[in-house]
Amino acid sequence: MDKMKEKTLTKDYKFHGHVINLRTDTALSPDGQEVYREVVEHPGGVAIALENEKGEFFLVTQYRYAQERVLLEFPAGKKEPGEDHFETAKREIAEETGYEGKDYVYLGEMVPTGAYDTEVIDLYYAKQGRFVGQHLDEDENINVSYMKLDEIIDAIMDRKIIDGKTIAMAFMIRELKNR
C-alpha cells in the first residue's frame, strides 16, 4: 500500500469556508510523475441509526441544497473542531431526534467520496434512550419519521432512499442482526 502513496509537493488553498476548504495540490506519484490534485477538506461527520423499542429506526427528511432535493436518511451531522466522533454522535442524535442514544455500537468509518474529499463519516447504531427534546441548528428544517429495517431496505431497493451513508448502514445493521 505504501508503494502506491503519492507525496504532496505543494498545497494551494483556493477557498476557506464554514464547512469546507478547497485546495489544489501538486503531488509526486510513485513512478516519479508530478500530478495535479483537487481536494475538498471536510472536518468529517457521524451518522446514527437509532432504533426504538418497536424495532423502528429514526429517519430524517430534509432538503439537501447541493442535491436540490429532499432526501430521506439516518440522522447525521458534522464534527466540531477537535470533537471526538462519539461525542458528535451523542450530540447529533439528541439534536435531530430529541432522544438520547444508549448501547451504542460503532460500525466503523465510511469514506463517501474518496477521490477528492477528505470527509470520513463514523457510523453508529444505538438504541433509543430518554427524551431530551429536539434542538435543531437554526438553519436546519427536518422531519422525523420511523421505519422498520426491512422497510428501509425496500426503500433503498426502490430507489426512494439514495443517501450513501444510510444505504451502507442499513445493510451493515441487517448483517449485524443476522450474525
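Quick note: the coordinates plus some simple rules give every number you see, no bench work behind them. Since this is a predicted model, take the numbers as computed values, not measurements. Virtual Cβ from ideal backbone geometry, glycine too; neighbours counted across all protein chains shown.
General remarks:
- Residue satisfying all of: in the range 1-42; part of a strand (DSSP E or B) and of a type in the set (V, I, T); surrounded by the most Cβ atoms within 10 Å (Cβ to Cβ) among these: V39
- Lone qualifier among V105, V132 - being in contact with a Phe, Trp or Tyr (Cβ under 6 Å, 6 or more places away or on another chain) and either surrounded by 17 or more Cβ atoms within 10 Å (Cβ to Cβ) or farther than 22 Å from E41 by Cα (or both): V105
- Considering the range 48-95, and only residues there that are of a type in the set (D, E) and touching an Asp or Glu at 6+ places or on another chain (Cβ under 8 Å), the residue that is surrounded by the fewest Cβ atoms within 10 Å (Cβ to Cβ) turns out to be E95.
- Residues in the range 1-49 that are under 24 Å from P75 (Cβ atoms) and either in contact with a Lys or Arg (Cβ under 7 Å, 6 or more places away or on another chain) or in contact (Cβ under 8 Å) with a residue 24 or more places away in the chain (or both): V19, V40, E41, H42, P43, G44, G45, V46, A47, I48, A49.
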